[in-house]
Amino acid sequence: QRQPVESGGGLVQAGGSLRLSCRASGMITSTFSPLIMAWYRQAPGKQRELVATISAERNTNYADSVKGRFTISRDNSRKMVYLTMNNLKPEDTAVYYCNQDTGGLPWGQGTQVTVSS
């Protein structure tokens, strides 16, 4: 099964931190490693938006709204992608998803992040 499995969400107060994990266990390492992986999020009533990407060479890009607060990383040997989120804000509340940067993998169930003010 190729869909990633996300975990690590929860309820946190504004200013707090969370670390999300994404496991791509349904893929073999040689398939996973070259992919540009990404974290997306979808808030209630809003479209899914791209939050961060990381290339095979570990080049990263971030949405302006999370720059300086979020860090994306990956471990190819474990087929894992992480999103470390610091200084969380109520507007970061959303379901967070992991996928290829093109959204080409099956979508997982995501992990809920709720930030209280």
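Quick look at the values:
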| item | result |
| --- | --- |
| Number of positions in segment 29-61 that are at negative phi, open to solvent by 70 Å² or more (accessible area, probe 1.4 Å), assigned to a loop (DSSP other than H, G, I, E, B) and out of contact with any Gly (no Cβ under 9 Å at 6 or more places or on another chain) | 6 |
| Residues within segment 65-99 that are in a strand (DSSP E or B), over 13 Å from residue 21 (Cα atoms) and open to solvent by 40 Å² or more (accessible area, probe 1.4 Å), tallied | 0 |
| Sole exception among (1) in contact with a Pro (Cβ under 6 Å, 6 or more places away or on another chain); (2) among the hydrophobic types (A, V, I, L, M, F, W, C); (3) assigned to a loop (DSSP other than H, G, I, E, B) for residue 105, by number | (1) |
| Qualifying positions in segment 1-28 - within 23 Å of residue 59 (Cβ to Cβ), outside any loop (DSSP other than H, G, I, E, B) and open to solvent by less than 60 Å² (accessible area, probe 1.4 Å) | 6, 20, 21, 22 |
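The values are calculated or read from the model by the stated rules, or taken from the named source; none is laboratory data. Keep in mind it's a predicted model, so treat the numbers as computed, not measured. Heads up, the Cβs are rebuilt from the backbone with ideal geometry, glycines too, and the neighbour counts pull from every protein chain shown. In case anyone asks, the SASA skips ligands and DNA or RNA and just uses the protein heavy atoms, side chains included. Shrake-Rupley method; radii C 1.70, N 1.55, O 1.52, S 1.80 Å.
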